[in-house]
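The values are calculated or read from the model by the stated rules, or taken from the named source; none is laboratory data. This structure is a prediction, so every number in the text was calculated from the model and none was measured. Note that we place each Cβ from the backbone using ideal geometry, even for glycine, and neighbour counts take in every protein chain shown. Side chains are part of the model used for accessible areas, which takes the heavy atoms of the whole protein and leaves out ligands, DNA and RNA. Shrake-Rupley method; radii C 1.70, N 1.55, O 1.52, S 1.80 Å.
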Amino acid sequence: MALVDMRSLFSSLPNDHSFRIIVRTYPLALSLSLGPAILSFATSPTASLKHLKQILRRELGVTAFPFAITVALGGGSALRTLWKRLELEQDEASNARRGKPNGFLARLKPWHKTFISNALASLVAISLLQSRSRSVKTRKVHIPWTLPISETRNTKGGQTSVTLDLTLLVLVRAFDALVQGLVFKRTGDESKQARIRRLSITTKLDALAFWASSAGIMWCFFYEPERLPRSYVKWIGSLANIDNRIVTALRGIRANQWTYKHGSFLDPNPVALLSQDLGYPPQWGDPKLLPTYGGYATSAIWKSLGVRGRGAVGGLPCEIVHGSVTGGSCIANFTLRGLHAFLEALALYLPVHVLPILIRQPQKLLSFPAILETLLGILRSASFLSAFVSSFWAAVCLTRTLVVARVFPKISHDFYDGPFGCILAGCLTCGGSIWIESGRRRGEIALYVLPRVIRACLPDRLLRSGRKSVYAIERIVFTASLATLLTAAVHHPETLRGLSRWTLGFVLQGPNALRLRGKNIDRSIPPNTSTPTSPDILK
């Protein structure tokens, strides 16, 4: 009987009631945090019951992400509800005195009060998360599109904040909401002409942001990987399918420790070892024996070394650069790598496209046209990632072998294989693949990579200094950004895009917010009323 009464009481609560927000937030946050940790545990050869208990204790604690983010979302809603009740009591008292409330608080607008309530709760949340950064190690598995809380890095100079990636993600999403609302004047009753104009501009800006971000991220991957999350570097390396010894040689060229002019100062020579492992003579990986420039004399050197098909082009043989993927054919190299990336991308994008449908409109999976549309979306996204990888390698091969090095043979291969040669060409080329994706997906992918490139641009010495002022600044940024997002989700949900709109719409308004599209919203109604907002969260 008591259980029936509780169910009845829960169902009578409005969708945006604080208790309902808490019930929706914690399980969702727990799945994002505990899921990857369990996956890492299940795939670890040294997993034990003790480790499982440590994972559960860590992810179910009060300093874990699920509890902290529930405090932010549920706490902000509860504070706003409490504020409204105090206002009602004050209004009743003022009416009894036949006066009007005055003072600073009385002049605040509804969205001001929502922002303040969310800011207080967000400050408590980030304080909880940062309190475990020095004592608890987080998961070491990287799963794209999931919770960006990375491991704390202990170095001689200190350690980075465990919540830095999460803070940057929230900052980028909040900034995007401000741009959509203040610059593009995005409103719920937007005209068709204004929407077409806005989308025309935003899709181009999204593509530009992704192109610039991906170029910076790929360059950091090769030359300054410490500026990126360690697990993110591992994922890029797996997708690029490049031998670490080639990457070591590239960094050696940049540091003048592995050059065609002066030989290798790396002991042992990583490229010579790679050449042996691939079944080629170790001389093919010795920069002292390899031609620095192109020209007629280069052909004789290749003939003496037994290298075929390289002609009058100097530098490292293609067989070594391509690694175990293929032999000396550049076309086969970037084609096979693109195919490999396509197959990996299918497994990556399948849940990205299917899960929103399962939650929002599961009945669509029973319709053949809907299934076909979803399948085409998955293939399109996989083609984007495949083109990203293959275009990078195509630019590398065109620069150092097929075109540029043949046209300008007098330029040293220390340049072509250096940081401003073929690698820079690849970094500047691969981002153009974003145009394969749909306009809506371009924006979401750009918002995904922007926090990474911002992290790469921040001074590493400052982030690892461990100063209290650095943590204090991060708390302010996180608090203001998350409060901005939550306030926008309540009062101006049309300014949110992609995952921000989808997630906050579900958490703050319930599953019905995921099914209703294109409805106008009365923003004069304060939050936590029985009138639910219905944002077009997936537009």
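Tabulated data
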| quantity | calculated |
| --- | --- |
| In region 313-331, the residues that are open to solvent by less than 30 Å² (accessible area, probe 1.4 Å) and either basic (Lys, Arg) or part of a helix (DSSP H, G or I) (or both) | 318, 319, 320, 321, 322, 330 |
| Counted residues, region 263-277 - those being in a loop (DSSP other than H, G, I, E, B) and surrounded by fewer than 20 Cβ atoms within 10 Å (Cβ to Cβ) | 4 |
| Scan of region 299-312 for residues that are free of Cβ contacts under 8 Å to residues at least 24 places away in the same chain and crowded, with 18+ Cβ neighbours inside 10 Å, ordered by number | 302, 307 |
| Residue satisfying condition, being of a type outside the set (A, V, I, L, M) and either surrounded by fewer than 14 Cβ atoms within 10 Å (Cβ to Cβ) or under 30 Å from residue 343 (Cβ atoms) (or both), within set 293, 280, 260 | 280 |
| Cross-chain or 6+ apart pairs with Cβ under 8 Å, region 357-373 first and farther than 15 Å from residue 511 by Cβ and of a type in the set (Gly, Ala, Ser), then open to solvent by 70 Å² or more (accessible area, probe 1.4 Å) and part of a helix (DSSP H, G or I) | none |
| Those residues of region 402-422 which are assigned to a helix (DSSP H, G or I) and open to solvent by 10 Å² or more (accessible area, probe 1.4 Å), in sequence order | 402, 404, 406, 407, 414, 415 |
| First in region 256-284 and over 17 Å from residue 307 (Cα atoms), second anywhere and aromatic (Phe, Trp, Tyr) and surrounded by fewer than 16 Cβ atoms within 10 Å (Cβ to Cβ), Cβ under 9 Å, 6 or more apart | 256/265; 257/265; 258/265; 259/265 |
| Helices (runs of 4 or more DSSP H) completely within region 1-115 that count 1 or more residues being at pLDDT 80 or above | 18-42, 49-59, 65-96 |
| Residue count, region 347-377 (criterion: under 21 Å from residue 434 (Cβ atoms) and among the β-branched types (Val, Ile, Thr)) | 2 |
| Some residue of region 181-196 being of a type outside the set (Gly, Ala, Ser), modelled with pLDDT of 80 or more and closer than 30 Å to residue 118 by Cα | yes |
| Those residues of region 353-379 which are open to solvent by less than 40 Å² (accessible area, probe 1.4 Å) and modelled with pLDDT of 80 or more, in sequence order | 353, 354, 357, 370, 374, 377, 378 |
| Evaluation of residue 248 against (1) of a type in the set (Val, Ile, Thr); (2) open to solvent by 30 Å² or more (accessible area, probe 1.4 Å); (3) in contact (Cβ under 8 Å) with a residue 24 or more places away in the chain (one fails), failing number | (3) |
| Test: residue in region 450-467 that is in contact with a helix residue (DSSP H, G or I) (Cβ under 9 Å, 6 or more places away or on another chain) and among the hydroxyl-bearing types (Ser, Thr, Tyr) | no |
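Each row is one residue, and each column tells you yes or no for (1) open to solvent by 20 Å² or more (accessible area, probe 1.4 Å); (2) among the aliphatic types (A, V, I, L, M).
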position: 465; (1), (2): yes, no
position: 477; (1), (2): yes, yes
position: 483; (1), (2): no, yes
position: 494; (1), (2): no, no
position: 500; (1), (2): no, no
position: 510; (1), (2): no, no
